[in-house]
Amino acid sequence: MDLEKKDNNSMIIKYQNTDNVVKDICSIIESARNYAYKSVNIALVERNWFIGYRIAEEELKGENRADYGTEIIKKLSKELNEEYRKGFDYRNLYYYLKFYKMFPNILNTTCSKSNILLSWSHYRTLLQVEDVKAREWYAKETAEQTWSVRTLQRNISSQYYYRLLKSQVKEPVIQEMREKNKEQYLMNKLEFIKNPLIAEFLGFSLEDTYTETELETSIINNLQKFLMELRKRICFC
């Protein structure tokens, strides 16, 4: 019996019986982990983009006043931290606004399409790259090569894009980069889920301790309800 996801309302687990019970259960666990990781990441990136989008809309009322955006963010930070206790300080809100401005097309509000390929940590790292072509190249390479955040940061800091651009023979530059980034390119999923930012985003108390199994079970059990509630809150356009 094969059980696969057919549409948005079907099961989240892709399962195929191989007559090996251990292999099958491992496949089920990995499928659930992957779904939880991708869904939480997409929800977080969407939230931050929409927050930036809404702040940018509010900025337009300032009629190009240089200090109006700063005033908005300061006020929002105060009120949101009173409502949610933490997570919305001035710096974070500024990042969300900058994220929207640097990646305006990552979401299409008119047709509900998403081009989210990276984690929020990746996108936040990319915000330091002011050159549009370089930023787009780093984003593309990160997605295709599954660079970790650490690898991405190291490549940005070492001017990898510009060194490749100027090199007539590119292979030595590429090989050097690989040698200096020997850690796994793919970010560890459990580290992402256990990140304090993610735990806070999901409503977990940072003072509590969770085993890996408890954390994954809690995420999976509450993910559909969580995402539906998030959609309701950000559907303002």
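Of LYS74, LYS98, LYS166, which has the most accessible area and how do the rest follow, probe 1.4 Å?
Numbers: LYS74 125, LYS98 45, LYS166 170 Å².
Descending order: LYS166, LYS74, LYS98.
So what J values fall out for region 131-148 if you push phi through Karplus, 6.51 cos²θ - 1.76 cosθ + 1.60 with θ = phi - 60°, rounded to Hz, Gly and Pro as x?
Whole-Hz 3J(HN,Hα) from phi for region 131-148: 5, 4, 4, 5, 4, 5, 5, 4, 5, 5, 5, 4, 5, 6, 9, 6, 5, 6.
Kindly identify region 101-165 as rounded, prolate or oblate by the Cα gyration tensor criterion: order the square roots of the eigenvalues as a ≥ b ≥ c, call it rounded if a/c is under 1.5, otherwise compare a/b with b/c, prolate if a/b is larger, else oblate.
Prolate.
State the extension gain, in nm to one decimal, for the chain segment bounded by LYS101 and ASP89, taking 0.36 nm per residue of separation less the distance between their alpha-carbons.
2.4 nm
Excluding GLU58 itself, calculate the net charge of residues whose Cβ lies under 11 Å from the Cβ of GLU58, where each Lys or Arg counts +1 and each Asp or Glu counts -1.
0
Taking loop as defined by DSSP and a crowding limit of 13 other beta carbons within 10 Å, which GluC sites (Glu not before Pro) in region 34-131 fit?
Here the sparse-neighbourhood loop sites are GLU63, GLU130.
Give me the extension gain from ARG65 to ILE42: residue separation times 0.36 nm, minus the current Cα-Cα distance, reported in nm with one decimal.
Taking 0.36 nm per residue and subtracting the Cα distance, the gain is 5.0 nm.
Want the number for ARG150 to ASN81: 0.36 nm per residue separation, take away the alpha-carbon distance, what's left?
The span from ARG150 to ASN81 would gain 21.9 nm if fully extended.
Counting only other residues whose beta carbon sits under 11 Å from that of TYR161, what net charge do I get with K and R as +1, D and E as -1?
Net local charge, TYR161 excluded: +2.
Kindly sort VAL149, VAL22, VAL40 by accessible area of their heavy atoms, largest first, with the probe set to 1.4 Å.
VAL22, VAL149, VAL40
Roughly how many nanometres apart are two label points built 7 Å out from the Cα toward the Cβ at LEU117 and LYS74?
It is 3.9 nm.
Pull out a ≥ b ≥ c, the square roots of the eigenvalues of the alpha-carbon gyration tensor of region 80-137, then state rounded if a/c is under 1.5, prolate if not and a/b is larger than b/c, and oblate in the remaining case. Write out the running numbers ahead of the final one.
Details: a/c = 2.34, a/b = 1.41, b/c = 1.66.
Verdict is oblate for region 80-137.
The values are calculated or read from the model by the stated rules, or taken from the named source; none is laboratory data. Note that this is a predicted model, so its numbers are computed, not measured. Note: ideal-geometry Cβ built from the backbone for every residue, glycine included; neighbour counts use all protein chains shown. In case anyone asks, the SASA skips ligands and DNA or RNA and just uses the protein heavy atoms, side chains included. Shrake-Rupley method; radii C 1.70, N 1.55, O 1.52, S 1.80 Å.
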